[in-house]
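Below: one structure, written as structure tokens.
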Amino acid sequence: MLIKEPEKFFSKTYIVCICAIICCILWGSAFPCVKIGYKLFHIDSTHAPSLMLFAGIRFSLAGVLVILFGSATKKKFLLPRPENLWRILTVGLFQTILQYTFFYIGLANTAGVKASVLNGLGVFFTILAACFLFRTEKFNLIKLSGCILGFVGVILINLGGDFSFDFTFLGEGFVIFSGLSSALAAGLVKIFSKREDTVTLCGYQFLIGGIALVVIGLSFGGRIPHIDVGAAFMLLYLAFLSACAFTLQGFLLKYNPVSKVAVFKSANPLFGAVFSAIVLSESKQLFNWFTLAALALVCTGIFVINKFGEKKPETPLSDKNLS
């Protein structure tokens, strides 16, 4: 990187805030842009292999962008160390293959506003994984209360205006699984970035994960029926937002406790809901009391966890134990 002291730079609270909000804006815009991408490429949103092919092309391109950018800034072509290939493959499995298989299929089967709120569960999953799986933080009643607030928000958004519980496994269920996979990936990135350059880790996990999705999609009959200039620009933007957001998040996770990063990600479901309402004309779903209340509960839960919970991490689980 061009930054001489990245640890000091990325550990400053205002830098964490700015970078995390940029990530949230980019991720928030992904909800409607993916749906628009389906239309521009004439992709059948009920055909899972085509969705996986679309995702694979996007993330393969994102990986190329990250690797080229990192190589240009460091003035040498980035290559991972051979002993870190398994780490890259593991992150790619959770960060790209599983997360976005669930995300693309789930988003195709639920409204963008609802998906953005459900996706906010990923923040709670991240904290739970940090506490119980990766052992980088302590879990306490304050964090439990914050998680309860978030889950109440998720239940509320699924009740709908007429209080009918609208939930499908391939829709809302897959969006939740996407958040769980993302949480596991965040913990792995924090640990593995101690052994591998962050840009290299992010770039190659995207590239390998994206290629895997392309192969799977094509193997099961996935196809991209149409492409034009508008569709190509949308694909380029989707690749760019992934490359930018996840690389930034990688640096934030490397130099900060998971909780410090998660508190700013409370804006993620909000941006996703707002962008979906504006771009996809889902304003009726956004501007209802139950949706706004759900957003408030999710964001409040994340704030409570990080404002009043234990912030000082314990000694991280040794990376050697994962070898």
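The values are calculated or read from the model by the stated rules, or taken from the named source; none is laboratory data. In this text, all values refer to a predicted model and were calculated from it rather than measured experimentally. Note that we place each Cβ from the backbone using ideal geometry, even for glycine, and neighbour counts take in every protein chain shown. Each accessible area value is taken on the protein alone, full model and side chains, heavy atoms only, with ligands, DNA and RNA left out. Shrake-Rupley method; radii C 1.70, N 1.55, O 1.52, S 1.80 Å.
Enumerate by residue number the chymotrypsin sites (Phe, Trp or Tyr not before Pro) in region 188-284 meeting two conditions: DSSP loop (anything except H, G, I, E, B), and at most 15 other Cβ atoms within 10 Å of the site's Cβ. If you can, show how the numbers build up before the last one.
Details: sites: Phe192, Tyr204, Phe206, Phe220, Phe233, Tyr237, Phe240, Phe246, Phe251, Tyr255, Phe264, Phe271, Phe275; in loops: Phe220.
When the chymotrypsin sites (Phe, Trp or Tyr not before Pro) of region 188-284 are filtered for loop state and at most 15 Cβ neighbours within 10 Å, Phe220 remain.
Step through the table entries Lys12/Lys114; Lys35/Lys194; Lys76/Lys190; Lys74/Lys307; Lys39/Lys143, compare each Cα-Cα distance with 29 Å, and write down the pairs that go over it. The partial results should precede the final answer.
Numbers: Lys12/Lys114 33 Å; Lys35/Lys194 36 Å; Lys76/Lys190 24 Å; Lys74/Lys307 37 Å; Lys39/Lys143 41 Å.
From the list (Lys12/Lys114; Lys35/Lys194; Lys76/Lys190; Lys74/Lys307; Lys39/Lys143), the Cα-Cα distance tops 29 Å for Lys12/Lys114; Lys35/Lys194; Lys74/Lys307; Lys39/Lys143.
Quick one: among Lys75, Lys39, Lys307, which has the greatest mean-square fluctuation in a GNM of the chain with alpha-carbon springs under 10 angstrom?
Comparing Lys75, Lys39, Lys307 in a Gaussian network model of the chain, the most mobile one is Lys75.
Using a Förster distance of 45 angstrom, determine the FRET efficiency expected from the C-beta separation of Ile278 and Tyr14, and round it to 0.05. Each step should come with its number before you reach the end.
Details: r = 28 Å, r/R0 = 0.62.
FRET efficiency, Ile278 to Tyr14: 0.95.
What is the sum of charges, Lys and Arg at +1 and Asp and Glu at -1, for the other residues whose Cβ falls under 10 Å from the Cβ of Ser45?
Working: positive: Lys35, Lys39; negative: Asp44.
Net charge in that neighbourhood comes out at +1.
Kindly point out which whole DSSP H helices in the chain project their C-alpha atoms 24 angstrom or further along the helix axis while averaging a Kyte-Doolittle hydropathy of -0.5 or above. Mind dumping the intermediate values first?
Details: long enough: 13-40 (40 Å, 1.67); 48-74 (39 Å, 1.47); 141-159 (27 Å, 2.17); 174-192 (26 Å, 1.87); 198-219 (31 Å, 1.81); 229-255 (39 Å, 1.60); 289-308 (27 Å, 1.75).
Sorted by number, the helices that extend far enough and score high enough are 13-40, 48-74, 141-159, 174-192, 198-219, 229-255, 289-308.
Find the accessible area per residue for the chain; the probe is 1.4 Å, ligands and nucleic acids are left out, and the unit is Å². Numbers along the way, then the final one.
Details: 13900 Å² over 323 residues.
Heavy-atom accessible area per residue stands at 43 Å².
Using label points projected 7 Å from each Cα along Cα→Cβ, tell me how many nm separate Leu133 and Phe69, to one decimal.
A separation of 2.6 nm, rounded to one decimal place.
Want the number for Phe308 to Glu5: 0.36 nm per residue separation, take away the alpha-carbon distance, what's left? Each step should come with its number before you reach the end.
Values: separation 303, 0.36 × 303 = 109.08 nm, distance 2.97 nm.
The Phe308-Glu5 span can extend by a further 106.1 nm.
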